[in-house]
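Novice: Just passing along the structure, written as structure tokens.
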Amino acid sequence: MPSIAVIRFPGSNCDRDIITGVASITGTKPSAIWYKDTDIARHDLIILPGGFSFGDYLRGGAIAARAPIMDEIQDHVWRGGYVLGICNGFQILTESELLPGALMRNVGLKYVCRDVVIKAHHADDGLLSAFKDGQSFRMPVAHNEGNYYADEETLARLQDKGQIAFTYTAGIGGDKHIDANPNGAIEDIAGIVSENGRVLGMMPHPERNLDPIHGGGGQDGRQLLKNLIEAVAP
Amino acid sequence: MINVLITIQFKEDVLDPEGKAIAASLHNLGYSEVGAVMTGRLIRLTLDESDTARAMQKAAKMCEVLLVNTIIETYDITIEDGEENSA
């Protein structure tokens, strides 16, 4: 099993959920690393959890993206390490330019907290390698700034290189009432990967859909995390 | 001490939903003459610096590294006496 660590910033609040979720899949509790610690070298996958790091002051994820630990994460990426950013973690990844584009205020100007259905895109290498093209997952989003934006040139490059990881889609099965795009994200983008496929940012919360008591079947988040972990250690 | 004013706005081709909502509300109140409304952010800071050119340079650097997300935003820096620098 891969070695996995979860970074805790002041204001992270999904750290416990993702730690519990990963542990329920791998049987091993991931390390929790306080953002002031900088020793992350021995881990295969670094997870930046959701929450409101540093109160989301200035812009969501902006201050966390400039914390010294991000230099270590940059080195980890250069070494070919894997990174997963969920929600605020995705914002931190774009703010630190480990992923292109930006996450802007939701088009409806409202904090959105509801289930969405996302469609995965397969890639031969990296974190998307265990997904089937078009594989659907239902899980919650909960954010105020999830409206993904990239300029035309960046968007064309993302499309060209297969970097669009997840897109919002209309509900599947009995869930046709679910509208596709919750925040106005360009091209319905819910998540993107880096060019080498090893850095993934996504707005939906797989760690909030691990158990039948979470509703909506409660297994889609678990399956999505399983796919990611399988890609790190096939 | 030099007082620096930094005005941050969305780039022109970036949708500003808050500006649109404010424009709609002004229209509802009868201000039909209102065209586009753009929102932004104002940051005022004091610099322990005596040279305005250096203050301007330092403020621009701060905008680039933290204060502004240059993918979606632009900024104007004004030194208290009115000197201006756009990016």
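Values quoted throughout were computed directly from the atomic coordinates according to the rules given, and no laboratory measurement underlies them. In this text, all values refer to a predicted model and were calculated from it rather than measured experimentally. Heads up, the Cβs are rebuilt from the backbone with ideal geometry, glycines too, and the neighbour counts pull from every protein chain shown.
Novice: I'd like the FRET efficiency for B:GLU64 and A:LYS110, computed as 1/(1 + (r/R0)^6) with the beta carbon distance as r and R0 of 25 Å, rounded to 0.05.
Specialist: Efficiency, rounded to the nearest 0.05: 0.20.
Novice: While we're looking at this one, here's another question. Would you mind telling me the antiparallel percentage of the DSSP bridges in the protein assembly as shown, rounded to 5?
Specialist: Approximately 75 percent, going by the DSSP bridge assignments.
Novice: Rounded to the nearest 0.05, what FRET efficiency is calculated for A:LYS161 and A:LYS132 with R0 set to 22 Å and r the Cβ-Cβ distance?
Specialist: Once the sixth-power term is evaluated, E becomes 0.70.
Novice: Just tell me which aspartates and glutamates come within less than 12 Å, Cα to Cα, of B:LYS58; anything on the same chain fewer than 8 places away is out.
Specialist: B:ASP48, B:GLU49
Novice: What value, in deg cm²/dmol to 500, does the helix sum -39500 (n - 2.57) over DSSP H runs of n ≥ 4 give at 222 nm once divided by the residues of chain A?
Specialist: It comes out at -6500 deg cm²/dmol, rounded to the nearest 500.
Novice: With point charges of +1 on the Cβ of Lys and Arg and -1 on the Cβ of Asp and Glu, referenced to the Cα centre of the protein assembly as shown, which listed residue (B:LEU15, A:HIS143, B:ASN69) lies farthest in the positive direction of the dipole?
Specialist: So the residue furthest toward the plus end is A:HIS143.
Novice: Here is a follow-up. Starting from the 7 Å offset along Cα-to-Cβ, what nm value, one decimal, do you get for the label separation of A:HIS122 and A:ASP211?
Specialist: So the two model labels end up 3.3 nm from each other.
Novice: At 222 nm, what helix-only mean residue ellipticity would chain B give, in deg cm²/dmol to the nearest 500, using -39500 (n - 2.57) for each DSSP H run of four or more?
Specialist: That calculation yields -8000 deg cm²/dmol at 222 nm.
Novice: Turning to a different aspect of this structure: Highest mean first, what order results for A:91-101, A:199-209, A:23-33, B:55-65 on Cβ atoms within 10 Å?
Specialist: A:199-209, A:91-101, B:55-65, A:23-33
Novice: Quick one: how many lysine pairs does the stretch A:4-232 have with C-alpha atoms less than 23 Å apart and a gap of 8 or more or different chains? Give me the count, please.
Specialist: 9
Novice: Under 18 Å from a point 7 Å along the Cα-to-Cβ line of A:ARG66: which residues of the stretch B:57-82 have their amide N that close?
Specialist: Within reach of a label on A:ARG66, which here means backbone N under 18 Å from a point 7 Å along Cα→Cβ, the stretch B:57-82 contributes B:57-78.
Novice: Let me spell out the model: positive unit charges on the Cβ of Lys and Arg, negative unit charges on the Cβ of Asp and Glu, origin at the Cα centre of chain A. What dipole size does that give, in debye rounded to 20?
Specialist: It comes to approximately 600 debye.
Novice: Something else about it: Taking R0 as 41 Å, what's the FRET efficiency between A:ARG16 and B:ARG41 from their Cβ-Cβ distance, rounded to 0.05?
Specialist: 0.80
Novice: Mind checking the mean number of beta-carbon atoms from other chains within 10 Å of the Cβ atoms in B:5-12?
Specialist: 1
Novice: Full extension from B:THR7 to B:ASP48: what is 0.36 nm times the residue separation minus their Cα-Cα distance, to one decimal in nm?
Specialist: 12.8 nm
Novice: Residue by residue through A:54-66, how many Cβ atoms from other chains fall within 10 Å of the Cβ on average?
Specialist: So the per-residue partner count for this stretch is 2.
Novice: With +1 assigned to the C-beta of every Lys and Arg and -1 to the C-beta of every Asp and Glu, and no other charges, what is the dipole magnitude of the stretch B:2-86 about the Cα centre in debye, to the nearest 20?
Specialist: Magnitude of the dipole: close to 280 debye.
Novice: Right, another one. Just to confirm the number: angle between the C-alpha axis of helix B:17-28 and the first principal axis of chain B, 0 to 90 degrees, nearest 10?
Specialist: Between the helix axis and the principal axis of chain B, the angle is about 50 degrees.
Novice: Could you give the length gained on full extension between B:LEU29 and B:GLU80, defined as 0.36 nm per residue of separation minus the Cα-Cα distance, in nm?
Specialist: 14.8 nm
Novice: Run the simple label-point estimate for A:THR38 and A:ALA23 please: 7 Å along Cα→C-beta, distance reported in nm.
Specialist: Between A:THR38 and A:ALA23, the label points sit 2.9 nm apart.
Novice: Placing +1 on the Cβ of each Lys and Arg and -1 on the Cβ of each Asp and Glu in chain A, which of A:TYR168, A:ILE92, A:GLY27 has its Cα farthest towards the positive end of the resulting dipole?
Specialist: A:GLY27
Novice: Apply the Karplus curve 6.51 cos²θ - 1.76 cosθ + 1.60, θ = phi - 60°, to the phi angles in the stretch A:52-65 and return the couplings in whole Hz, x for Gly and Pro.
Specialist: The phi angles translate into 9, 4, 6, x, 6, 4, 6, 8, x, x, 5, 6, 4, 5 Hz.
Novice: While we're on this one: Counting Lys and Arg as +1 and Asp and Glu as -1, each charge on the Cβ, what is the dipole of the stretch A:40-110 about the Cα centre in debye, to the nearest 20?
Specialist: About 260 debye.
Novice: From Cα pairs below 8 angstrom and at least 6 apart in sequence, can you work out the relative contact order of the stretch A:4-232, rounded to a whole percent?
Specialist: Rounded, it is 20 percent for the stretch A:4-232.
Novice: For peptide B:66-75, how many partner chain Cβ atoms fall within 10 Å of a residue's Cβ, on average?
Specialist: 5
Novice: Now for a different question. Give me the Debye-computed log₁₀ of I(q)/I(0) at q = 0.06, 0.12 Å⁻¹ for the protein assembly as shown, equal point scatterers on Cα only, no solvent, two decimals.
Specialist: The Debye formula, applied to the Cα set alone, gives -0.22, -0.84.
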